[in-house]
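The values are calculated or read from the model by the stated rules, or taken from the named source; none is laboratory data. All values reported here derive from a predicted model rather than from experimental measurement. When we count neighbours, we look across all protein chains shown, and the Cβ atoms used for this are built from the backbone with ideal geometry, even at glycine.
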Amino acid sequence: MNSLPREIPDVKECLDLMEQYHMLPNIKDHSIVVAGVAEIIASSLITLGHELSMDRVIAGALLHDIGKTACLDNNNDHAAKGVEICLAHNLEPLADIVGEHVILRNYSSGKNFTEKEIVYYADKRVNHDQVVSLAERLTYILERYGRNNVVRCEAIKTNYALCQDLEKRMFSFLSFEPVDIEKLLAAQQSLI
């Protein structure tokens, strides 16, 4: 394999990687909806003058769960596995997006946004293949992954508090509200 970083993969290449890594249909459907949500937010921010790579946003959203299928039957970290897959395919520009879609590190509450923040937020707004509020997604994550473990539940709540701050920041710039995402997504041309 070539050791030089590749260009950002297009939608077809992302779908090919999903097939190569046996992404389950429900995870693929989730990733496609996350990409749609991310595209709505990123395109609006770009229109407002924010410097973002739409290609990075879309590819990062489509591949954010690329490591998940391999981690379903074990306790491995699917975000870390996704980073390994990105690096194995010389997709370094996507590794940070994939690696931080569960827990955002180095978060800055400044005026600028990054592609990884947009994908992180979009992922938190999609439960399975449905757009939901952050509160609804938090309830699901606590039930599914909290497992009545106080420490784990507090970590999840802390992560969601950061996501709520990010939502507030992003939507202070945007001309639509978080509740409008589902309607905007329904009106959007599908990526696939």
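For region 111-127, state whether one or more residues are charged (D, E, K, R), in contact with a Lys or Arg (Cβ under 7 Å, 6 or more places away or on another chain) and within 12 Å of Gly60 (Cβ to Cβ).
Among the residues of region 111-127, at least one is charged (D, E, K, R), in contact with a Lys or Arg (Cβ under 7 Å, 6 or more places away or on another chain) and within 12 Å of Gly60 (Cβ to Cβ), which makes the answer yes.
In this structure, is Tyr107 closer than 25 Å to Leu134 by Cβ, surrounded by 19 or more Cβ atoms within 10 Å (Cβ to Cβ) and among the aromatic types (Phe, Trp, Tyr)? Criteria not met by Tyr107.
Being over 20 Å from Ala95 (Cα atoms) and of a type in the set (Ser, Thr, Tyr) is the filter; apply it to region 32-68 and report the residue that is surrounded by the most Cβ atoms within 10 Å (Cβ to Cβ). Ranking the qualifying residues of region 32-68, first place goes to Ser44. Scanning region 144-158 for residues that are surrounded by 11 or more Cβ atoms within 10 Å (Cβ to Cβ) and either at pLDDT below 90 or over 19 Å from the mean Cα position of the chain (by Cα) (or both) turns up Tyr145, Gly146, Asn149, Arg152, Cys153, Glu154. Among the residues of region 119-143, those that are crowded, with 20+ Cβ neighbours inside 10 Å and modelled with pLDDT of 95 or more comprise Val119, Tyr120, Tyr121, Ala122, Asp123, Lys124, Arg125, Val126, Val131. Looking at Asn106, is it farther than 15 Å from His30 by Cβ, part of a loop (DSSP other than H, G, I, E, B) and more than 17 Å from the chain's Cα centre (by Cα)? Judged against the criteria, Asn106 is not a match.
Counting only residues that are among the small types (Gly, Ala, Ser) and touching a residue at least 12 places away in the same chain (Cβ under 8 Å), which one in region 138-192 is nearest to Val34 (Cα to Cα)? Looking at the filtered set, the residue picked out is Ser190. The set of residues in region 51-80 that are within 15 Å of the chain's Cα centre (by Cα), part of a helix (DSSP H, G or I) and not aliphatic (A, V, I, L, M) comprises Asp55, Arg56, Gly60, Lys68, His78.
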